[in-house]
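The values are calculated or read from the model by the stated rules, or taken from the named source; none is laboratory data. Just so it is clear, the model here is predicted, and its values are computed rather than measured. Because the Cβ atoms are built from the backbone with ideal geometry, glycine has one as well, and the counts that use them run over all protein chains shown. Surface areas here come from the heavy atoms of the whole protein model, side chains and all, with no ligands, DNA or RNA. Shrake-Rupley method; radii C 1.70, N 1.55, O 1.52, S 1.80 Å.
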Amino acid sequence: MKVRPESKKQIVAEYIVTAVQNFVKSNMGKVFEFFSPFIFSLMMLSAFSSLSSLLTFKPPTSDINTLLGWSILVFMMIIYYKIKSMGFLGYLKSYTKPIVLLTPFNILSDVAVPVSMAFRHFGNIVSGVVISSLVYGSLSSLSSLALGNLPGFLSKIPIFELGLPAVLSIYFDLFSSLLQAFIFCMLTMVYIKMAANVKE
């Protein structure tokens, strides 16, 4: 590493670091600039976990336990910043506002945060896997039906399996994977900023 970058690797690394820091600052404020490595790591972990389906692996994000683990980690950080900004007693009292009768609903709304984050990500990834599998299976059956009576290798030509599965893969495996990683990190930043009660 040099003060004035000369190698392409350092230039690219500095560009990525600067872009992530600006992204975090624009969403959370300068106070939370130190969150940049965490947010970047979370986004890359989510994105590459989902994109592993392109290499025919089962994506870790198609397992609800993985996403619940991430969501619980984020939830613990949210609780930490709520207690830090309001104090422990203030945090407990916040559940009784605006009236004591709403306490169970306030607790439920807090618990719903990690659950909704996990299931939103999980649902989108798994739905893509299921839809792609169903379409590919249907097209395979259609190819067998259309060419099944032909002799030899001609009966096994996958004429209907060309094209559409690739288009679906671009959407579900590539676009949707990156989008869900982005949304998960955006929600993380918004919830933590709200919990910390930062006005910046």
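Since Leu51 meets every condition but one in (1) closer than 26 Å to Ser169 by Cβ; (2) of a type outside the set (Gly, Ala, Ser); (3) modelled with pLDDT of 95 or more, which condition does it not meet?
Result: Leu51 passes all but (3).
Filter the stretch 42-75 for residues that are in a helix (DSSP H, G or I) and open to solvent by 70 Å² or more (accessible area, probe 1.4 Å) and give the result.
Leu45, Phe48, Leu54, Leu55, Asn65, Ile72, Leu73
Return the pair list, or none, for Cβ contacts closer than 8 Å from residues in the stretch 88-105 that are over 19 Å from Ile78 (Cβ atoms) to residues that are modelled with pLDDT of 90 or more and in a loop (DSSP other than H, G, I, E, B), at least 6 apart or on different chains.
Going by the 8 Å Cβ cut-off, the qualifying pairs are Leu102/Thr96.
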